[in-house]
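Below is one structure, written out as structure tokens, with a few remarks after it.
The numbers here are math on the coordinates, done by the rules we state, and not lab data. No experiment lies behind these values; they were computed from the predicted model shown. Virtual Cβ from ideal backbone geometry, glycine too; neighbours counted across all protein chains shown.
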Amino acid sequence: MLSKSLMFNLHHPHPHHEIFTKPKNILSLTTSSIPTTLTNSTKILVSQKKLVHTFFNKKCNKNILFPMASSISQFDEFHPDPSLTNDDLKPTSIDQRNFSGWEMASLWIGLVVGVPSYYLAGSLVDLGMSWWQGIAIVVLANLVTLVPLILIGQPGTKFGISFPVLARSSFGIRGAHIPTLLRALVGCGWYGIETWIGGEAIFLLLPKVVKNSSLSQSISWLGTSPLEFACFITFWIAQLAIVWKGIDGIRELEKYSAPILISLTSCLLIWAYVKAGGFGHMLDLSSRITKSEFWSLFFPSLTANIGFWATLALNIPDFTRYAKSQHDQIIGQAGLPIFMGLFTFVGVAVTSSTKVIFGHVISNPITLLGEIGGLFTMILAIFGISLATITTNIAANVVAPANALVNLSPSRFTFRRGAILTALLGIVCQPWRLLKSSESFVYTWLVGYSALLGPIMGIILVDYYLIQKMNLSIKDLYTLSSNGAYYYSNGYNLAAILALVVGILPVIPGFLQNVGILDSIPKSFAIIYNNAWFFSLFLAGGLYWILSILKKNQKEIDPLLPNTS
């Protein structure tokens with residue numbers, strides 16, 4: 001199973017509330033406005049470029065920073081409710097928008113290069129797929145994930161708002177706590193898991209005399225050994241040093257770590273190629289399963305790989321709000337499928353080479369670096385794996401929970417305080433017990449939480465692009481006034497909450513079977529679970545759209561009805 005390889009490691013907008021001018025209808029763009037002296041092919045290219053730029057409001061220095069500046073001035077012109085804002089929740093200013101395309105891409109390099117990503121394609125090869133099939137599924141999954149990444153990242157760059165603030169538009173001023181806390185819960189779990197992986201890197205590469213001491217003996221009440229726990233806490237503390245510096249510290253970490261991680265990964269690949277005499281052994285890894293067996297594995301594997309980055313795809317506005325332009329956020333994020341494809345290729349190539357080099361397969365990169373031996377190699381390995389884990393963990397698993405806690409109580413939490421509480425919850429979840437409790441933990445974890453995040457994503461996308469028409473009232477995102485566009489029913493959008501529940505419910509039977517609570521379920525529920533992200537996203541998004549249209553029609557029939565939506 002996929003988990004076997006990963007086990008160890010791993011409102012409708014009211015017209016008088018609209019601040020911005022609606023973007024042109026992209027369907028109305030034609031080539032009729034293009035000079036007739038252009039060739040047909042040039043007409044098409046210009047039209048396509050015009051369409052794309054209109055959809056994303058063109059570049060930052062023309063149409064992105066202007067509405068951004070407008071939103072900031074509008075924000076400053078009124079007094080936002082103190083329970084809904086602080087310095088971390090306000091729209092970013094122009095001076096704060098310092099993420100270039102390269103820095104956005106560097107973020108993804110830091111996220112991708114890590115122990116869990118190393119296993120993704122290799123785990124599919126273990127299931128019987130060929131090497132290229134495993135890599136192709138990983139790339140395809142990330143191409144699918146790229147679509148919501150860019151779409152949800154767009155309002156972050158356009159309005160300078162974070163994910164919790166964006167969620168207020170669809171779920172309501174108070175209802176936004178539901179999706180943000182669900183995302184935070186997943187982030188805290190992953191934070192603990194990644195931190196444990198980093199601690200294991202330190203432990204496994206310690207001298208044998210230390211690892212064989214009495215301190216490495218497991219204690220039942222603790223669930224692990226004092227030495228392993230000490231390594232875990234050491235890595236936990238090391239991460240806080242970066243978190244303490246806030247988003248700028250994270251940006252600098254990702255920016256300067258990217259070339260180091262690329263260099264270390266390249267060195268590992270070159271070493272494997274030279275020692276194994278090429279990658280012929282990998283190229284001989286043909287499929288060991290039938291066509292029907294392949295398709296039975298394809299969809300759950302695709303869903304699991306989408307679930308891998310479904311977390312960050314949801315709260316990507318937390319980062320794109322700092323992008324210099326839409327062009328920068330799109331170009332930077334387009335690197336995700338490329339980097340994932342390249343890194344999973346490294347994982348498959350190196351793992352297959354260990355069969356030739358050592359006589360047996362070593363799928364764990366930490367164990368492999370320990371086998372290579374040598375003081376320099378061990379020091380370099382600890383540094384490389386620690387850097388890879390920190391860059392992934394902090395960006396993917398700290399920012400979203402920290403911002404969710406800030407949104408929950410802006411007067412009590414800052415980003416720094418939220419990050420510290422996230423780190424503490426990462427200890428409370430005891431990842432060493434989670435990773436050792438079930439062989440299918442990660443597979444169940446990835447697919448299971450995708451059923452939570454899929455419907456949230458569907459609702460937010462439908463709300464922003466189909467209901468709000470890409471227009472948000474910054475003023476109403478920060479007010480508890482009952483006349484606010486996003487106040488709905490006492491601050492909760494019941495349509496969004498109902499759609500969220502309906503999107504999750506059909507996936508529950510499959511989840512319960514995977515964790516062993518149910519012995520058997522109808523085949524239809526198994527199919528739904530294997531496609532949990534897709535199913536829940538379209539079901540919740542579609543239902544929310546229908547409910548919103550019905551609510552809008554009801555208001556048009558009787559405009560005297562009170563605003564309880």
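For the range 350-366, backbone phi angles converted through the Karplus equation (6.51, -1.76, 1.60; θ = phi - 60°) give residue-by-residue couplings of 5, 4, 5, 6, 5, 4, 6, 6, 10, x, 8, 7, 10, 8, 8, x, 5 Hz, Gly and Pro being listed as x. The slack between residue 483 and residue 222, meaning 0.36 nm per residue of separation minus the straight C-alpha distance, is 88.7 nm. Relative to the 2.2 N^0.38 Å rule of thumb, the range 455-565 has a C-alpha radius of gyration ratio of 1.31. Under a plain spin-label model, where a point goes 7 Å from the Cα along Cα-to-Cβ, how far apart in nm are residue 248 and residue 408? Going from the residue 248 label point to the residue 408 one covers 2.8 nm.
When peptides 216-222, 199-205 are sorted by average Cβ neighbour count within 10 Å, with the highest value leading, the order is 199-205, 216-222. Note on residue 87/residue 512: beta-carbon distance plugged into 1/(1 + (r/R0)^6) with R0 of 45 Å gives a FRET efficiency of 0.55. Each peptide in 136-149, 266-279, 505-518 was scored by the mean count of other Cβ atoms within 10 Å over its residues; highest first, the order is 136-149, 505-518, 266-279. Ranked by the mean number of other Cβ atoms within 10 Å of their residues, highest first, the peptides 391-399, 487-495, 324-332, 475-483 fall in the order 391-399, 324-332, 487-495, 475-483. Each residue, residue 465 and residue 379, gets one label point 7 Å from its Cα in the Cβ direction; the gap between the two is 5.1 nm. For residue 240 and residue 428, a Förster radius of 25 Å and the Cβ-Cβ distance give a FRET efficiency of 0.95, rounded to the nearest 0.05. Listed values for the range 314-331 are Karplus-derived 3J(HN,Hα) couplings in whole Hz (6.51 cos²θ - 1.76 cosθ + 1.60, θ = phi - 60°), namely 7, 9, 4, x, 4, 9, 5, 5, 9, 6, 5, 7, 5, 4, 5, 5, 6, 4, and x replaces Gly and Pro.
Note on the range 460-565: lysine pairs with Cα distance below 27 Å, sequence gap of 8 or more or different chains, count 6. Projecting label points 7 angstrom from Cα along Cα→Cβ for residue 267 and residue 209 puts them 2.6 nm apart. Scaling against 2.2 N^0.38 Å puts the C-alpha radius of gyration of the range 330-481 at 1.43. The radius of gyration of the Cα set in the range 276-327, together with its Dmax, comes out at 18.9, 49 angstrom.
Computed over the Cα atoms of the range 163-248, what is the ratio Rg over Rh, Rh following Kirkwood? Using Cα coordinates only, the ratio equals 1.19. From the largest down, the range 296-397 spans 49, 41, 22 angstrom on the principal axes of its Cα atoms.
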